[in-house]
Amino acid sequence: MADPETSVFHQMARDIMGPNFLGISEAVKHFKIDPTAEQFEALDKIPLSDENLRKFRNTHILVADFGLSIYEIRKLVDKTLFPHEDIIFNSEKFAKEKSKPQWRLICKDLVPNSTSIKWPGNQDKLPLDSAEENSARALVYIIILNYLATGEYMLERVYARTGTLISNGCTVFLGDFGRNGFHFDYSYNCPPP
């Protein structure tokens with residue numbers, strides 16, 4: 001199968017999104033991925049119209065997500081990006097969860113007014129593209145790949161609430177990404193056991 005990024009549709013998406021396009025070639029280069037035919041097939045079509053790409057080209061990033069786990073990403077990149085080896089990586093199941101390859105369009109910053117929404121129970125009040133609707137795995141993948149490709153820190157000096165829970169039912173937060181690496185935390189108002 002031919003590399004999908006040579007298709008006119010991938011090139012059009014790259015032209016529209018500009019630096020906010022992180023395609024197959026960026027993932028292959030920075031995560032040292034050797035794509036299979038099935039992965040190429042899964043990423044062959046970008047499920048967004050030109051109109052939507054134009055609408056979000058300045059506020060969102062379009063990413064070819066190969067579904068690597070946080071644990072795999074941590075092993076592939078400079079250790080200074082994940083300075084704290086702790087319970088998150090050593091015992092929490094979500095750090096080892098993978099996903100199927102797919103395209104993701106994600107807001108580059110926290111969604112306005114999303115931090116004031118109480119959690120859990122009111123997720124339906126969030127915009128569909130909010131960071132809170134995404135898994136910790138997807139956000140780590142996108143944020144680290146974006147940094148490796150552009151040198152830009154996303155979620156610098158702020159934490160984003162994710163849709164991921166640790167084993168005791170607490171919500172995973174991540175962010176504060178900068179020169180001191182990437183950080184994880186969890187909510188302290190966890191559901192009762």
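Tell me the net charge near Q102. Cut-off is 13 Å between Cβ atoms, Q102 excluded, with +1 for each Lys or Arg and -1 for each Asp or Glu.
Counting the neighbours of Q102, the net charge comes to +1.
Rounded to whole Hz and in sequence order, give me ³J(HN,Hα) for the range 57-73 from the Karplus expression 6.51 cos²θ - 1.76 cosθ + 1.60, θ = phi - 60°, writing x for Gly and Pro.
Residue by residue, the range 57-73 yields 5, 9, 10, 10, 10, 9, 10, 7, 9, 7, x, 4, 7, 4, 4, 5, 4 Hz.
Using heavy-atom solvent-accessible surface (probe 1.4 Å) with all chains present, what is the largest-first order of T171, T80?
On the way: T171 10, T80 85 Å².
Greatest to least solvent exposure: T80, T171.
Round to a whole angstrom and tell me the spacing of the C-alpha centers of the range 153-180 and the range 24-82.
19
Can you send over the carbon and sulfur percentage of the accessible area for the range 1-75, probe radius 1.4 Å, protein chains only?
Numbers: 2100 of 3970 Å².
Answer for the range 1-75 is 53 percent, counting heavy atoms of protein chains only.
Quickly work out the K96-to-M12 label distance, labels modelled 7 Å from Cα along the C-beta direction, and quote it in nm with one decimal.
4.3
With every protein chain left in place and a probe of 1.4 Å, what is the accessible surface of Y159, to the nearest 10 Å²?
80
Determine the gain in length on full extension of the stretch K45-S25; use 0.36 nm per residue of separation and subtract their C-alpha separation, reporting nm with one decimal.
That works out to 5.7 nm of additional length.
Under the rule of at least 5 residues apart or a separate chain, name every residue whose amide H is placed under 5 Å from the amide H of Y159.
Amide H neighbours of Y159, under 5 Å, 5+ apart: D176.
Taking a threshold of 26 Å on the Cα-Cα distance, which of the pairs K45/K79; K75/K108; K29/K108; K45/K93; K32/K93 fall above it?
K45/K79; K45/K93
May I ask you to compute the full-extension gain from R179 to S167, defined as 0.36 nm times their residue separation minus their alpha-carbon distance, rounded to one decimal in nm? All intermediate terms of the calculation are to be shown ahead of the outcome.
Values: separation 12, 0.36 × 12 = 4.32 nm, distance 2.91 nm.
Value of the extension gain: 1.4 nm.
Using θ = phi - 60° and the Karplus curve 6.51 cos²θ - 1.76 cosθ + 1.60, what whole-Hz ³J(HN,Hα) does each residue of the range 18-32 get, with Gly and Pro shown as x?
Each residue's phi maps through the Karplus curve to give x, x, 8, 10, 10, x, 4, 5, 5, 5, 4, 5, 8, 9, 6 Hz.
Which ³J(HN,Hα) values in Hz, rounded to whole numbers, follow from the phi angles of the range 157-174 under the Karplus curve 6.51 cos²θ - 1.76 cosθ + 1.60, where θ = phi - 60° and Gly and Pro get x?
These are the phi-based 3J(HN,Hα) values: 6, 8, 10, 10, 7, 10, x, 9, 10, 7, 4, 8, x, 7, 6, 7, 10, 8 Hz.
For the pair D109/K32, report the inter-label distance in nm, with labels modelled 7 Å from Cα in the Cβ direction.
It works out to 3.6 nm between the two label points.
Provide the net charge surrounding S69, with neighbours chosen by a C-beta distance below 13 Å and charges set as Lys +1, Arg +1, Asp -1, Glu -1.
Around S69, the charge tally is +3.
The values are calculated or read from the model by the stated rules, or taken from the named source; none is laboratory data. None of the values given here were measured: they were computed from a predicted structure. Positions of Cβ are generated from backbone atoms using ideal geometry, with glycine treated the same way; all protein chains shown enter the neighbour counts. With ligands, DNA and RNA removed, areas are computed over all heavy atoms of the protein, side chains included. Shrake-Rupley method; radii C 1.70, N 1.55, O 1.52, S 1.80 Å.
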